[in-house]
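Here is the structure we will look at, set down as structure tokens.
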Amino acid sequence: MKIIPKRSLIQIGFLIFIASMLLGSGQVSPPEKSPPNMPTWQNKTNLIYSTFVGGIGNDCFMNCVVAVDAGGSVYLAGYTTSLDFPTAPAHAKMGNGGKADIFLIKLSPDGEQLERTMILGGSESDHVTAIAVDLIGNIYLTGYTDSHDFPTTSEAFQTTYAGGMADSFLMKFNPDGMNVTYATLFGGMDNDQSMAIAVDKDGFVYITGETFSTDLPTTKGSFQTQIKGRDDSFIAKFTPNGDRLSYITYIGGKKSDTGQAIVADEFGSVYITGKTTSADFPTTEQALDTSHNGSGDSFIVRLTPDGRSLAYSSFLGGQSNDKGSAITIDEAGNLYVVGSTLSTDFPITDGSLDNTHNGGYDTFVVKMDTDDNRLIYATLLGGLNGDRGYALAVDKHGNSYITGVTYSSNFPTTSDAFDYHGDEGLGDAFFIKLNETGTRINYGILLGGTHADYGTSIVVDGEGNAYVAGSTSSPSFPTTVRAFDSNYNAEWDAFVTKLSLENDKITTVVAGIVRDVDGNPVEGATITVGANGSTITDENGFYRLIGLETGTYTLTPIKQGYTFSPQRTTIHIEHQDSQNVTLGLRKEISEDQNETLQRVSKKDFGVQDFGVTNSTSELHVFSGVIEPNPTQPFLDLPLDYGNLVINFIRALRDTDEQGRVSSWFDHTYPDYQREYGMTLWEGDSLIDTVKSRSGCFQQRCYDGHNGIDFVRRGYHPTNDNENIEIRAAAHGKVVKIFNQCDLKKVTVSNGAWLESGQTLGIMGSTGNSTGPHLHFGVLKDNGNGIWEGQAKDLPVDPYGWRGNQSDPWVVDQHGPISYYLWKHSLAKEKTFAGRQGTVITDTTNTIKITVPPNAFVGQANIEIFLGTGPASEKSMRSTGYSFSLNLLEWLPNDKDIMQSLMLNEPIHISLNYEEKGIRHLDFSKLTFYHRQDSQHAWQALPTNIDPFNFTITAHAYQLGEFDIQAPLLCEGDSSEPDDNYFMARTIAPDGKLHHRRFDIDDDVDWFQFDVDSPGKYTVHVNSSTEWVEASVYIYDLERGVLLTRQENSGFLDLELNLPHAGTYFVQVSRAEGSMYGCSAKYTLRVEQNMFFSYLPFVVK
């Protein structure tokens, strides 16, 4: 496994939300700083759960201790000053309560619930320093208190406070953690602090620590019955009932000595480690090191079972400061010690992981055989700055697990580990799994946020799961979404983190970053997945959602004063095992779209170019955003729709007969510049492969457009002189009149006051136009309330932005964010219980979705959204009845369900259609088509048609996009529908034949062709079938005139003298009495009349 000496910060595939808060007048922008690097992307971690524990005060500063029982329940103890410290329904209190009390909680094995809680202590401050659990599940706590009324039990060894600044205490609880078996004080007339605890197989309890008291109740015959220095370490052994001492002894020299950690073996011998400044600290002959080395050494002591003598005692250190913090033994009897050293000559074994001092304090890890008096290995662990090891555990294989704190930016971690970009100055907790020989890090991570974090306790269960506890002041400390408390509380919180390293358990990671449009991080944004949890961004804008199970989730960023793009993102977590997690977004993009977005939608945010990818093995990158206070929908249509919702929706949809929008807002660059690509409000990116003059392609207009165009319905060039008035719908003031609104005549002036119904102007066809229309644009004031022109008061799309990627207009050009502003919504959501089923209809009540019982397992939230007519499947044509069923949230109860949106039971779809909206199509072959996110082709569904009630029905086993399609009445007439001038088919004046048919009795075909220069041209229309006659009209739309026409003929040759370069239209309609149907064929071609002059050929 690769060891990463310094955290690698590689940008690949993060969900990114970008935000920008609008600064008011007079505010000073913050100073520029380089954006932080992107965190390493990954979609899985060994982090099983991670939770905060705490309230509004200080909790566990700076020490929390953890233990685990045989059932996987976790016990966490520490101290708290929080009056609102969380309590379980099964809660108990012991003592009067004071400045700082002790808490003991029992967490459920999944880390999601508090099963039991207890608060205990006296009227002053009480601190817990260690915890232990015996073989039958009894819990033991030790620590120290300055509360004279600390609660004790009546039969305890010492029931009253002895004196001094602090007394030690020892408490035993039954396995449920609620009933106290015994509680005793322990101390003398001066300061006494118990630091560690151990329990042997017979229930005897051992504590060690530091004492200044000369009157500890030492037992006769113990190793050292009197204090020797200012303060000494001590070892006390209590009987299982806590009412008597088996022995107590001082251990120390003439200066200062502290016992920091203790462990007991199966024979009753006890081992301690700590720190001594005493040169005469007692050692044994043949010990590893019998001489004091520097200002402070760590030490290793083994006391005989009767407490009368030292079986082994040795210094451990170099010429500077050294301190042992944790000690344990493995099943073979080998001893392990972890601590911290400033000594460059700390004794290190050859071949160990790190035998060179790195800088500041380094953590040391020592494994030794005290019987043979030899080091099995001794290694350093750290980086350039300070690193301190605080706690240690060992598994049955001899692997050691260490936690502590690091201040080093290059602290060693492993490449497969959960890697958090924490704060390198304030300190991060670390977790290391070291192999049995001390030569390799099997797993190494940092645990922390952007403030200080300390790992202070660790335990390993029989399955190889590691539990790390400590204290954190980081709101962004990594927690799992369904943990007991995934939100930071205040000041210092306790944390508990469970990691699985020995089995196939893994946890998903959804990661990302929130930045403003200048690339600066947005700190404190909440990223929520609804009821499934949330997290917040750190000061670098980073966030992670850890622990989402198989299902569908909608991520929503929230922060007061900010607006985000995209406003939400739906992701699917389809499968998770130890090898792979599949994460996908709701909408994929094609390779062509990817190429376009890479070209036209990039911005340098101070990191690698993130682009967009269509891979589901990594998350897509999102960006975007601006201003506070999202605008609520308020716009009504600038045309008459009869005040019916269904007509309102039809007017907004891009269909042949029903729709009225002919040109759309281009989110790529709405600046009228040709980019040969456009991005629509639904997030679809189109490429103009033919580089059309008009900027219209794939029947979507048009490249660079900064508004939407409503066509003049029923327009015909022959009625071009009929004026269509544009009137005000309400009173108000005219800020600015633009000629780009494509009005033929403007009847108001800038600054004029309007009354409702007053005429603004006459609809026209100016600019880049193929016919009369109303350009409808919405401009967003930049915040000062003063019109400053379109360079500062920028356009927005009234359809909003629905793409899963961020709006390129926002990201690339710093345009305002677009909201859906129309009065009626195109989307409708429904939350339902899968076992009960539900019925949901669209906003027009023409589509009805019936979800049967048990179609979904668990709770789900779906959305029906009316689309705008996607591309059809080859020979089929869309009827315009297009919609999508989107799964916004779903957490299946059955974790084995593969999240391909497959339903247990089929949903029933019913739609009412109108024939007038689907001319040229074969009604008898109407078919529901389905396209899911992961597919790029439409799939036909078995469909039933009721022609009498104009209803079409089908069943579907998957959600996704749906469209009603049908084949053309005449397969060879592939240009249909083109019955309106704005749907005219583009042809070239090159003489090429175009084969067409009159498929229905009122068929009208429109063509348009461009000429580069004035001149003579001929339009040929010839019948290919007997009894077929046509009427042909040719228009110069620029001047709004009919150039020529010829009616009721099977063979037409219209010669034209075109007066200027530009676009001309040809209308071909079936003549009265002519046959129609698939056999009614004709051809059309346009050619330029070429004239040549010849010069004489002269030979001399």
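The values are calculated or read from the model by the stated rules, or taken from the named source; none is laboratory data. Just so we're clear, the structure is a prediction, and the values are computed from it rather than from any experiment. Reconstructed Cβ throughout: ideal geometry from the backbone, glycine too, with neighbour counts over all protein chains shown.
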**Prompt:** Which one is surrounded by the fewest Cβ atoms within 10 Å (Cβ to Cβ) among residues in region 1015-1033 that are of a type in the set (A, V, I, L, M, F, W, C) and part of a strand (DSSP E or B)?
**Reply:** 1032
**Request:** Scan 468, 509, 517 and give me the residue that is farther than 17 Å from residue 59 by Cβ, touching a strand residue (DSSP E or B) at 6+ places or on another chain (Cβ under 8 Å), in a strand (DSSP E or B) and touching a residue at least 40 places away in the same chain (Cβ under 8 Å).
**Result:** 509
**Item:** Residues of region 76-113 classified as under 33 Å from the mean Cα position of the chain (by Cα) and under 18 Å from residue 194 (Cβ atoms), total
**Value:** 2
**Asked** Among 462, 438, 449, which is in a loop (DSSP other than H, G, I, E, B), out of contact with any Asp or Glu (no Cβ under 9 Å at 6 or more places or on another chain) and assigned by TED's automatic domain parsing to the domain that holds residue 196?
**Response** 438
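Which members of region 144-169 meet the condition of being of a type in the set (Gly, Ala, Ser) and either part of a loop (DSSP other than H, G, I, E, B) or surrounded by fewer than 19 Cβ atoms within 10 Å (Cβ to Cβ) (or both)?
Within region 144-169, 147, 154, 156, 162, 163, 164, 166 qualify.
Could you please find all residues in region 523-549 being on the phi > 0 side of the Ramachandran plot and in a loop (DSSP other than H, G, I, E, B)? Step through it out loud before you land on a result.
First pass over region 523-549, keeping only residues on the phi > 0 side of the Ramachandran plot: 524, 530, 533, 541, 547.
Passing the criteria: 524, 533, 541, 547.
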**Item:** Only listed residue being in the same structural domain as residue 184 (by TED's automatic domain parsing) and at pLDDT 90 or above, chosen from 70, 130
**Value:** 130
**Request:** Among what's in region 75-90 and is assigned to a strand (DSSP E or B) and not polar (S, T, N, Q), pick the residue that is farthest from residue 174 (Cα to Cα).
**Result:** 79
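Taking residue 1047, is it under 27 Å from residue 969 (Cβ atoms) and in a strand (DSSP E or B)? Don't jump to the end; show me each part of the working.
Values: under 27 Å from residue 969 (Cβ atoms): yes; in a strand (DSSP E or B): yes.
Criteria met by residue 1047.
Out of region 166-188, which residues are aromatic (Phe, Trp, Tyr) and either more than 16 Å from residue 116 (Cα to Cα) or in contact with a Pro (Cβ under 8 Å, 6 or more places away or on another chain) (or both)?
Here is the first cut: in region 166-188, the ones aromatic (Phe, Trp, Tyr) are 169, 173, 182, 186.
The answer is 169, 182, 186.
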**Request:** Would you check if residue 1031 is modelled with pLDDT of 90 or more, among the hydroxyl-bearing types (Ser, Thr, Tyr) and touching a strand residue (DSSP E or B) at 6+ places or on another chain (Cβ under 8 Å)?
**Result:** yes
**Fill in**
Note: among 538, 485, 493, just one is surrounded by 24 or more Cβ atoms within 10 Å (Cβ to Cβ) and either closer than 25 Å to residue 130 by Cα or in contact with a helix residue (DSSP H, G or I) (Cβ under 7 Å, 6 or more places away or on another chain) (or both), namely 493
**Asked** So, of the residues in region 471-482 that are outside any loop (DSSP other than H, G, I, E, B) and either β-branched (Val, Ile, Thr) or assigned by TED's automatic domain parsing to the domain that holds residue 539 (or both), which turns out to be surrounded by the most Cβ atoms within 10 Å (Cβ to Cβ)?
**Response** 472
**Prompt:** Within region 193-217, can you find the residues that are buried (at least 21 other Cβ atoms within 10 Å of the Cβ) and not hydrophobic (A, V, I, L, M, F, W, C)?
**Reply:** 193, 194, 200, 206, 208, 209, 210, 211, 213
**Prompt:** For region 770-829, how many residues are in a strand (DSSP E or B) and closer than 30 Å to residue 1010 by Cα?
**Reply:** 4
**Item:** From the options 257, 243, residue that is at pLDDT below 95 and on the phi < 0 side of the Ramachandran plot
**Value:** 243
**Complete:** Scanning region 791-823 for residues that are free of Cβ contacts under 8 Å to residues at least 60 places away in the same chain and of a type outside the set (A, V, I, L, M), the one surrounded by the fewest Cβ atoms within 10 Å (Cβ to Cβ) turns out to be 792
**Item:** Residue match in region 684-699 (condition: in a loop (DSSP other than H, G, I, E, B), closer than 24 Å to residue 807 by Cα and modelled with pLDDT of 75 or more)
**Value:** yes
**Asked** (1) more than 18 Å from residue 867 (Cβ to Cβ); (2) at pLDDT below 90; (3) not hydrophobic (A, V, I, L, M, F, W, C): which one isn't true of residue 884, the others all being true?
**Response** (1)
**Request:** Could you pull out the residue among 922, 1012, 1002 that is of a type in the set (Asp, Glu), farther than 29 Å from residue 646 by Cα and surrounded by fewer than 21 Cβ atoms within 10 Å (Cβ to Cβ)?
**Result:** 1012
**Item:** Filter pass, residue 280 being of a type in the set (D, E, K, R) and crowded, with 18+ Cβ neighbours inside 10 Å
**Value:** no
**Request:** Taking the options 339, 389, 383, name whichever one is closer than 24 Å to residue 445 by Cα, among the small types (Gly, Ala, Ser) and outside any strand (DSSP E or B).
**Result:** 383
**Asked** For region 329-345, which residues satisfy the criterion of being surrounded by 22 or more Cβ atoms within 10 Å (Cβ to Cβ) and farther than 13 Å from residue 293 by Cβ?
**Response** 335, 336, 337, 338, 339, 340
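Of all residues being assigned to a strand (DSSP E or B) and in contact with a helix residue (DSSP H, G or I) (Cβ under 7 Å, 6 or more places away or on another chain) in region 845-881, which is modelled with the highest pLDDT? Just the residue, please. Don't jump to the end; show me each part of the working.
The initial filter retains those residues of region 845-881 that are assigned to a strand (DSSP E or B), namely 847-851, 859-866, 876-881.
Okay, now just the ones that are also in contact with a helix residue (DSSP H, G or I) (Cβ under 7 Å, 6 or more places away or on another chain), so 866, 879-880.
Numbers: 866: 85, 879: 82, 880: 79.
Ranking the candidates gives 866 first.
For region 162-181, state whether one or more residues are over 51 Å from the mean Cα position of the chain (by Cα) and modelled with pLDDT of 95 or more.
No, region 162-181 contains no residue that is over 51 Å from the mean Cα position of the chain (by Cα) and modelled with pLDDT of 95 or more.
Quick grid of which residues meet (1) closer than 18 Å to residue 45 by Cα; (2) in contact with a Pro (Cβ under 6 Å, 6 or more places away or on another chain):
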residue	(1), (2)
439	no, no
450	no, no
488	no, yes
498	yes, no
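Could you list, in sequence order, the residues of region 1051-1094 that are assigned to a loop (DSSP other than H, G, I, E, B), of a type in the set (A, V, I, L, M) and touching a residue at least 60 places away in the same chain (Cβ under 8 Å)? Give the derivation first.
Of region 1051-1094, the ones assigned to a loop (DSSP other than H, G, I, E, B) are 1059-1061, 1071-1080, 1089-1094.
Right, trim to of a type in the set (A, V, I, L, M) and you get 1061, 1071, 1075, 1080, 1090.
Across region 1051-1094, the qualifying residues are 1075, 1080.
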**Request:** Hey, could you check region 397-428 for residues that are over 23 Å from residue 474 (Cα atoms), modelled with pLDDT of 90 or more and touching a strand residue (DSSP E or B) at 6+ places or on another chain (Cβ under 9 Å) and say which is surrounded by the fewest Cβ atoms within 10 Å (Cβ to Cβ)?
**Result:** 398
**Message:** Anything in region 128-143 that is closer than 18 Å to residue 202 by Cβ and either of a type in the set (A, V, I, L, M, F, W, C) or part of a strand (DSSP E or B) (or both)? List them, or say none.
**Reply:** 132, 133, 135, 136, 139, 140
